[in-house]
Amino acid sequence: MSSQPSYLAGVILSCLVASLWLCSGASPRAEDVSGQRRHALSLIGAPRHEPGFSHFDWVNVAAPKGGEIRLRAFGTFDTLNRFAPRGIAADGLARIDATLMLSSLDEPSSDYGWIAAWVSHPPDFASATFGLRPEARFSDGAPVTPEDVVFSLDQLKQANPRFGIYYKNVVRAEKTGPHEVRFVFDAPGNRELPLIVGGLPVLPRHYWTAKDDKGEPRDLARGSLEIPVGAGPYRVAKVDGGRRIVLERIPDWWAKDLPVARGQWNFDRISHVYYRDRLPAFEGFKAGETDFWPENSAKGWATEFDFEAVKRGLVKREELPDGDIKPMQGFIFNLRRPQFQDRRVREAFNLAFNFEWANQAMFFEQYRRSSSYFGNSELACRGLPEGEERAILEKVGDELPADLFKAEFKNPVNLAPDDFRRHLGKAARLLSEAGFEMKAGVRTNAAGVKISAEMLLVQPSFERLVLAYKAELAKLGIDLSVRIVDSAQYQRRVRSFDYDMIVSGFPQSHSPGNEQRELWGSAAASQEGSRNLAGIKSPAIDALIERLIYSKDRTELVTATRALDRALLWGHYLVPHFYSPVYRIGYWDKFARPGVLPRYAGPTDAFVRTWWYDDKAAARLEAAR
């Protein structure tokens with residue numbers, strides 16, 4: 001549902017048939033018509049855990065509470081209001097908030113009641129009603145009320161355009177009882193909307209409608225370093241001038257004994273320590289300034305984990321299986337720039353990227369090439385479009401490349417030098433067909449538009465790859481420059497779409513839905529701060545997104561997603577990168593973890609949610625140091 005820095009949100013035994021209907025489109029039972037109360041929702045099969053379950057099976061309920069973890073962060077921050085459309089929010093702030101429902105980290109698109117004890121919806125998904133737990137409290141002791149939920153939806157939609165897009169189909173929230181709130185949708189048929197509103201962060205109305213510590217009215221749309229109030233397991237304990245933020249666990253947190261929370265959030269303190277970039281951050285990890293290191297660099301993993309603490313066994317180095325969707329990452333074109341308007345130009349850029357050479361020469365053969373926006377899942381398109389997928393695409397076929405119906409999308413593969421020369425030759429022909437001929441060594445069209453671009457980077461580790469890519473593009477008469485900026489400047493420029501090309505990615509869920517509008521929709525392309533980084537404005541893509549959102553069952557959703565995936569691939573909106581089939585982590589040996597780790601959590605999220613501080617191991621580590 002919902003890259004560089006990035007964030008985002010997803011029945012019971014007696015409802016098993018109803019749950020299967022939710023996912024399969026079968027006829028509803030009588031109790032569904034009257035709005036049966038469910039403890040959980042799933043878009044893929046029935047929720048694994050039945051009503052009255054004790055805890056998730058990927059936690060250790062006996063895990064001790066205590067200790068501190070120190071995590072790296074890059075750049076700086078200037079606000080503790082993570083909902084404001086401007087400013088750089090501090091890391092970890094989502095942990096001070098709670099949502100109506102909580103996603104299971106080991107089940108795709110399955111949410112269980114958190115602030116809400118139950119949820120119900122009619123068979124046509126025209127609304128969803130939530131029953132709030134009377135014991136739910138904010139960190140200042142105030143109860144969570146239906147008025148808070150109504151306020152949260154209204155204010156988030158007004159304060160930040162991204163939430164306006166995400167909650168576009170939610171007309172309103174209304175109080176329907178002392179502990180009940182109903183969300184009304186603009187049309188029936190959107191199966192994901194109950195889960196979308198279930199992921200709504202509930203904000204304290206009494207806090208946001210009061211004045212701040214300076215006597216000014218609080219504004220959710222404005223950044224602030226004032227300590228916020230939430231209903232989650234942590235609260236902000238200390239802030240150090242854009243360099244560090246410390247969260248502390250709330251010992252008497254209202255939800256600590258709920259099934260969705262037991263065995264989780266075990267650390268007393270979570271510190272996010274800020275560094276300029278990777279190099280000083282890694283030196284800080286080696287020196288013991290931080291405790292946990294998720295490694296994103298193949299070179300770093302292969303060559304830099306040979307320091308003394310690793311040799312002595314004080315720092316553990318592990319590769320953990322990653323069973324989640326492999327999101328698309330790549331060199332993203334900004335189609336708002338004239339040189340990238342022609343699809344043939346964008347395809348030529350892909351032909352000039354020699355992944356096989358880079359994987360061998362730079363990445364120690366650790367990566368696989370990305371060939372789908374929904375990689376490693378049933379949602380990825382394959383072969384030629386057939387059956388219902390072809391019918392979906394044919395409805396917008398006049399606006400799609402004709403080759404989409406004739407060939408399977410494949411990235412160029414360079415197994416021999418002749419392969420790459422052949423691909424460069426094809427790229428040159430495409431550029432000429434697009435009207436770009438060599439003039440003074442640079443590809444230029446009749447209107448004087450040159451194919452030159454600046455690659456905007458925030459991670460210096462990408463510079464080596466981009467410089468190699470630059471040399472190949474130069475052979476085609478394409479001038480690529482590289483500019484590395486700090487994280488604050490990078491976020492400002494990306495938010496305002498002030499770039500030619502960037503390196504970024506698009507995280508996906510197993511049940512894509514409304515968030516696709518913000519990723520690829522025409523309306524989002526002009527909305528500052530949206531995630532439509534490529535600036536796609538395509539009626540065909542818009543139609544495919546709406547077809548996906550209003551799928552009637554899982555089979556239809558998979559088919560519609562494959563159609564969208566195929567259209568995005570053939571649009572050549574980026575040069576696809578690569579992915580690792582495993583997570584690579586290093587950590588100081590003073591922690592313990594459950595025997596089974598959740599399959600669909602990133603390494604840092606799994607660490608914070610399920611690991612715990614081991615006093616005996618920490619004492620051994622201190623003695624060894």
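Within the span defined as region 546-569, every residue fails to be under 30 Å from F363 (Cα atoms), among the basic types (K, R) and assigned to a strand (DSSP E or B). Under the condition of being surrounded by fewer than 22 Cβ atoms within 10 Å (Cβ to Cβ) and part of a strand (DSSP E or B), the residues counted in region 107-119 number 2.
Here's the yes/no breakdown for (1) modelled with pLDDT of 95 or more; (2) assigned by TED's automatic domain parsing to the domain that holds P259; (3) not in a helix (DSSP H, G or I):
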site: A128; (1), (2), (3): yes, no, yes
site: P134; (1), (2), (3): yes, no, yes
site: D140; (1), (2), (3): yes, no, yes
site: V150; (1), (2), (3): yes, no, no
site: Q155; (1), (2), (3): yes, no, no
site: V171; (1), (2), (3): yes, no, yes
site: T176; (1), (2), (3): yes, no, yes
site: A187; (1), (2), (3): no, no, yes
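The residues on offer are G223, G241, G215, and the sole one that is of a type in the set (G, A, S) and either buried (at least 19 other Cβ atoms within 10 Å of the Cβ) or touching a Gly at 6+ places or on another chain (Cβ under 9 Å) (or both) is G223. Evaluated against (1) part of a loop (DSSP other than H, G, I, E, B); (2) under 26 Å from N354 (Cα atoms); (3) of a type outside the set (D, E, K, R), F305 falls short on exactly one condition, (2). Taking the conditions exactly as written (more than 34 Å from the chain's Cα centre (by Cα), of a type in the set (G, A, S) and at pLDDT 95 or above), does G448 satisfy them or not? No. From the list R38, R82, the lone residue that is under 24 Å from V236 (Cβ atoms), crowded, with 20+ Cβ neighbours inside 10 Å, modelled with pLDDT of 95 or more and under 28 Å from the mean Cα position of the chain (by Cα) is R82. Between V582, V575, V608, the distinction of being surrounded by fewer than 19 Cβ atoms within 10 Å (Cβ to Cβ) and either in the same structural domain as V315 (by TED's automatic domain parsing) or among the aliphatic types (A, V, I, L, M) (or both) belongs to V582 only.
Among the residues making up region 416-425, those that are surrounded by fewer than 13 Cβ atoms within 10 Å (Cβ to Cβ) and not in a loop (DSSP other than H, G, I, E, B) are P417, D418, R421, G425. With the condition kept exactly as written, say whether any residue in region 236-254 is in contact with an Asp or Glu (Cβ under 7 Å, 6 or more places away or on another chain), modelled with pLDDT of 95 or more, outside any strand (DSSP E or B) and closer than 29 Å to S377 by Cβ. No, the conditions are met nowhere in region 236-254. Residues in region 65-79 that are in contact with a strand residue (DSSP E or B) (Cβ under 6 Å, 6 or more places away or on another chain), surrounded by fewer than 22 Cβ atoms within 10 Å (Cβ to Cβ) and within 27 Å of V596 (Cβ to Cβ): 5 in all. In the set (1) buried (at least 24 other Cβ atoms within 10 Å of the Cβ); (2) modelled with pLDDT of 95 or more, the condition left unmet by A90 is number (1). In region 62-73, the residues that are under 11 Å from F591 (Cβ atoms) and outside the structural domain of H272 (by TED's automatic domain parsing) reach residues that are at pLDDT 95 or above and crowded, with 19+ Cβ neighbours inside 10 Å with C-beta atoms within less than 6 angstrom, at least six apart or across chains, in these pairs: A63/G263; A63/N266; A63/W612; G67/F267; G67/Y613; I69/F267; I69/I270; I69/D291. When restricted to residues that are within 15 Å of the chain's Cα centre (by Cα), closer than 22 Å to F578 by Cα and not aromatic (F, W, Y), region 512-537 contains 6. Considering only residues in region 281-315 that are within 18 Å of A617 (Cα to Cα) and acidic (D, E), the one that is surrounded by the fewest Cβ atoms within 10 Å (Cβ to Cβ) turns out to be E289. Helices (runs of 4 or more DSSP H) fully within region 459-530 that include at least 2 residues being of a type outside the set (A, V, I, L, M, F, W, C) and more than 22 Å from G164 (Cα to Cα): 463-474, 487-495.
If you take the residues in region 584-605 that are over 14 Å from P327 (Cβ atoms) and of a type in the set (S, T, Y), which one is modelled with the highest pLDDT? Result: Y587.
Of the residues V413, V345, the single one that is touching a Leu at 6+ places or on another chain (Cβ under 7 Å) and either more than 27 Å from S580 (Cα to Cα) or surrounded by fewer than 20 Cβ atoms within 10 Å (Cβ to Cβ) (or both) is V345.
Quick one: is E192 charged (D, E, K, R) and either in the same structural domain as F151 (by TED's automatic domain parsing) or on the phi > 0 side of the Ramachandran plot (or both)? Here the answer is yes, as E192 does meet what is asked. Considering only residues in region 548-605 that are more than 30 Å from V396 (Cβ to Cβ) and acidic (D, E), the one that is nearest to the chain's Cα centre (by Cα) turns out to be D605.
The values are calculated or read from the model by the stated rules, or taken from the named source; none is laboratory data. What you see is a predicted model, and the numbers here were worked out from it, not measured in a lab. Every residue, glycine as well, gets a Cβ built from its backbone with ideal geometry; the counts of neighbours run over all protein chains shown.
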